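Quick notes on the structure that follows.
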Amino acid sequence: MPDPFAPPPVPLSGGRLAIAPDVVEVRGKVTFEPSARAAAAFAEVRFRVEDPGGCPALDLRQDLDGLRLDGAALDVAAFAPVDLGGGAGAQMRVLDVEVPAGDHTVALDYQLAQPAAEGALPVEWRGGDGVRWDLWMSDLHPGRYLEMWVPAPLCHDRFALTLEVELAGTRRPHTVVTNGEVTVTARGWEVRFPAHFTSLSPMLVVAPTDEVEQRETTVALPGRRSPLAVRTVRHLDVDADLAACEADVAAWLAYLAQRYGPWAHGDAMTTFLWGPGRGMEYDGATTASVAALEHEVFHSWFGRGVKPARAGDGWIDEAWTSWATSTRRSEGPRFAADPLDLDGDPVELRPAHPWARFTPVGSYTAGARLFSGLAHLLGGPGPMRSAMAAWYRDNAGGLVTTDGLEAHLRSWSGVDIGPWWRRYVHGGR
Ligand SMILES: [Zn+2]
């Protein structure tokens, strides 16, 4: 059965087709050598191809040194970035080989450098014997999910990920903070992420232990039998009161579970505090500045508790989170409910191309404005939140679409929101 959220094949020269394979498992290994300021990486992707086969498209925003398909070496030029029509920066690496239907493995060798994606940051070396590394993803630009560091499919695809992280040539203790399961190995850690994760799920930060402060507490959540662990960490050079942040996170978690529905992740919420400008959500985790913290914790319900089925559906969680939280990016106060006429400028929040890979920045402003208008149509901010709570509970742990939310809001409210959707989501007139 083809994945209903996979983008359609794209014709290449010579009658061949670029296809989105079904990735089953990714295994990667990164060895940091701070004294040489170098990080060697290896990764293996196991994937399945449907009949009639084709040229598999994945992505990795690093330069390749070695490439093998099903054990046979290929020139690295056979896995080059190709424009599949998804817009600026949305190129995918397409194997220049037609593979038949069935199971295959592609293996890659490379050095971890600054990823070739807008806004990506390089590995940070700390004093010749230390390293600071954050996967630091973003929805705003193509290529800013796991594929910055490790080969990965588009974000509709769920796969198991195992990442070994090793340190070489240094005795300085380091700490790994992640939403995966960590096993200590002889030279580092093995981090296993569950098979329901997608390329936008994994959170991982590596830092010298002497540069971080950590706290851990628990919070009882409605709808959960055992208390949830609340792990809160900061870099010592980040100006934040860690105990105060921990208390805020615990309070938001309890509120969100009460208002919207049960926690959809594992046994911990993991927060890593960074300086101003950083804010990113993961499944039951965030790396964020203090100012962005409430917004990012909210995303563990909307954005990562229910995940966008395709990158193009990512506008929903930014628009809704901006409407429902205190956030610097939105223009008005939270819970606004103001009439929205149908004569405003049309806005496209959902990029139409199936290989598009970004969330329009207007999601935070025009998207929040749309929810304010919808709240007015639905009878106020209370009904608006109840409608979204019902949608969350129907889909918790699953992938959600723009069409699915429109259908839900119509049937929940009995209000025909179609004209607003057409104009302020799809940019129609
Ligand atoms: Zn956000």
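Here are some notes:
- Scanning the range 301-326 for residues that are in contact with a Lys or Arg (Cβ under 7 Å, 6 or more places away or on another chain), more than 12 Å from the ligand (Cβ to nearest atom) and among the aliphatic types (A, V, I, L, M) returns a single hit, A311.
Yes or no, residue by residue, for (1) closer than 18 Å to D157 by Cα; (2) of a type outside the set (D, E, K, R):
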{"position": "W301", "(1), (2)": "no, yes"}
{"position": "G305", "(1), (2)": "yes, yes"}
{"position": "P308", "(1), (2)": "yes, yes"}
{"position": "W323", "(1), (2)": "no, yes"}
{"position": "G332", "(1), (2)": "no, yes"}
{"position": "D345", "(1), (2)": "no, no"}
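- T286 vs. criteria among the polar types (S, T, N, Q), in a strand (DSSP E or B) and either in contact with a strand residue (DSSP E or B) (Cβ under 9 Å, 6 or more places away or on another chain) or at pLDDT 95 or above (or both): yes
- Selected residue [over 30 Å from H299 (Cα atoms) and among the β-branched types (V, I, T)] from V150, V97: V97
- In the range 139-150 there is at least one residue that is under 15 Å from V205 (Cα atoms), within 12 Å of the chain's Cα centre (by Cα), not small (G, A, S) and not in a loop (DSSP other than H, G, I, E, B).
- Residues of the range 43-65 that are among the acidic types (D, E) and not in a strand (DSSP E or B): E50, D51, D63.
- Subset of the range 260-288 [among the hydrophobic types (A, V, I, L, M, F, W, C) and in contact (Cβ under 8 Å) with a residue 40 or more places away in the chain]: W263, A264, A268, M269, F272, L273, W274, M280, A285
- Qualifying residue in the range 123-130 (condition: farther than 22 Å from A20 by Cα, within 16 Å of the ligand (Cβ to nearest atom), under 20 Å from the mean Cα position of the chain (by Cα) and surrounded by 13 or more Cβ atoms within 10 Å (Cβ to Cβ)): no
- The set of residues in the range 273-286 that are within 12 Å of the chain's Cα centre (by Cα) and more than 10 Å from the ligand (Cβ to nearest atom) comprises Y282, D283, G284, A285.
- Strands (runs of 3 or more DSSP E) fully within the range 71-123 that include at least 1 residues being under 18 Å from D139 (Cα atoms): 92-95.
- Residue count, the range 224-259 (criterion: touching a residue at least 40 places away in the same chain (Cβ under 8 Å) and assigned to a helix (DSSP H, G or I)): 7
- If the condition is being more than 15 Å from the ligand (Cβ to nearest atom), of a type outside the set (D, E, K, R) and out of contact with any Asp or Glu (no Cβ under 7 Å at 6 or more places or on another chain), then the range 259-272 contributes Y260, G261, P262, W263, A264, G266, A268, M269, T270, F272.
- Within the range 15-33, restricting attention to residues that are touching a Lys or Arg at 6+ places or on another chain (Cβ under 8 Å) and surrounded by 23 or more Cβ atoms within 10 Å (Cβ to Cβ), the residue that is farthest from F193 (Cα to Cα) is P21.
- Boolean, T359 is in a loop (DSSP other than H, G, I, E, B) and of a type in the set (V, I, T): yes
- Flag for A39 being crowded, with 22+ Cβ neighbours inside 10 Å and either within 21 Å of W149 (Cβ to Cβ) or hydroxyl-bearing (S, T, Y) (or both): yes
- When T321, T270 are checked against the criterion of being touching a Gly at 6+ places or on another chain (Cβ under 8 Å), among the hydroxyl-bearing types (S, T, Y) and not in a helix (DSSP H, G or I), a single residue qualifies: T270.
- Within the span defined as the range 239-261, every residue fails to be in contact with a Gly (Cβ under 7 Å, 6 or more places away or on another chain), under 26 Å from D134 (Cα atoms) and among the β-branched types (V, I, T).
- Neighbours by Cβ (under 9 Å, 6+ apart or cross-chain): first from the range 132-152, over 27 Å from V212 (Cα atoms) and in contact (Cβ under 8 Å) with a residue 12 or more places away in the chain; second surrounded by fewer than 20 Cβ atoms within 10 Å (Cβ to Cβ) and charged (D, E, K, R): L140/E118; H141/E118; P142/E118; G143/E118; P151/E44
- So L121, is it over 19 Å from G188 (Cα atoms), out of contact with any helix residue (DSSP H, G or I) (no Cβ under 6 Å at 6 or more places or on another chain), without any contact (Cβ under 8 Å) to a residue 40 or more places away in the chain and in the same structural domain as V177 (by TED's automatic domain parsing): yes
The values are calculated or read from the model by the stated rules, or taken from the named source; none is laboratory data. Here the structure is a predicted model, which is why all the values come from computation and not from measurement. Quick reminder, even Gly has a Cβ in these numbers, built from the backbone with ideal geometry, and neighbours come from all protein chains shown.
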